[in-house]
Amino acid sequence: MAFGLAVVAFNLLGWSFDLQPLVRFPDAAMVPSTAISLALLFIGSAAVFALPPKTKTARICSLTAAVIAIVNIGLRLTADLDLDYLIPNRTAGDRMSGGTILCIMVSAATILALSSEKLRNFEFHLSGAIAGLQLIIAVFFLCRFVPGTPQAPLIFEAMSLYTAVCFLVLFIILFVAAVILPLLQPEDIDA
């Protein structure tokens, strides 16, 4: 979790001080709305692991990250804008990719399922963690992390390497949580 938050912090510093190696590698950038969403998701996953779990914090963080993703896709569909539109040092292709939005939604839903005893009974948390891992592993096989790459599926073509690595770490954390949390006694988990 600390690794993911450190990557996000360095990325936001890169945007603040126009340090491009902290923003993009090799060419695709992690935009601030993605970084903030990832920070919220890492905090939400940490809240799930807390003893006792901070389910309210986990839910607020995951829902806020999902709202950021939904607003970004809504702005793009209606006005060809996004939440990062006014950042002065962004290039024309810098945006939250469709694959990033999909990963945010899957991880937010998984954190919500982990923070709800009723949803844990349906094993949705495990399904979400496994689906997220499969999704992000496919990204590593299909993406070259260069915007406009013809080999990458359109939904993933603008995802940055920094974003993909953060999601890989996040989905591994969520998978571990999905396996470990059901083993705890019900009184150890806040419903």
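Ranked by how many other Cβ atoms sit within 10 Å of their own Cβ, fewest first, the residues Val8, Val179 fall in the order Val179, Val8.
Rg/Rh, computed from the Cα trace of region 1-82 with Rh as the Kirkwood radius, has the value 1.05. Backbone geometry of region 163-178 corresponds, through the Karplus equation with coefficients 6.51, -1.76 and 1.60 at θ = phi - 60°, to 3J(HN,Hα) couplings of 5, 5, 5, 4, 5, 4, 4, 4, 5, 5, 4, 5, 5, 4, 4, 5 Hz, x marking Gly and Pro.
Over the chain, with a single point scatterer placed on each C-alpha, what log10 of the ratio I(q)/I(0) does the Debye formula yield at q = 0.10, 0.15 1/Å? One equal scatterer on each Cα of the chain leads to -0.39, -0.83.
A short reminder: the numbers here are calculations on the coordinates, not readings from a lab. Everything quoted here is computed from the prediction, not taken from an experiment. So basically every Cβ, Gly included, is an ideal-geometry build from the backbone, and we count neighbours across all protein chains shown.
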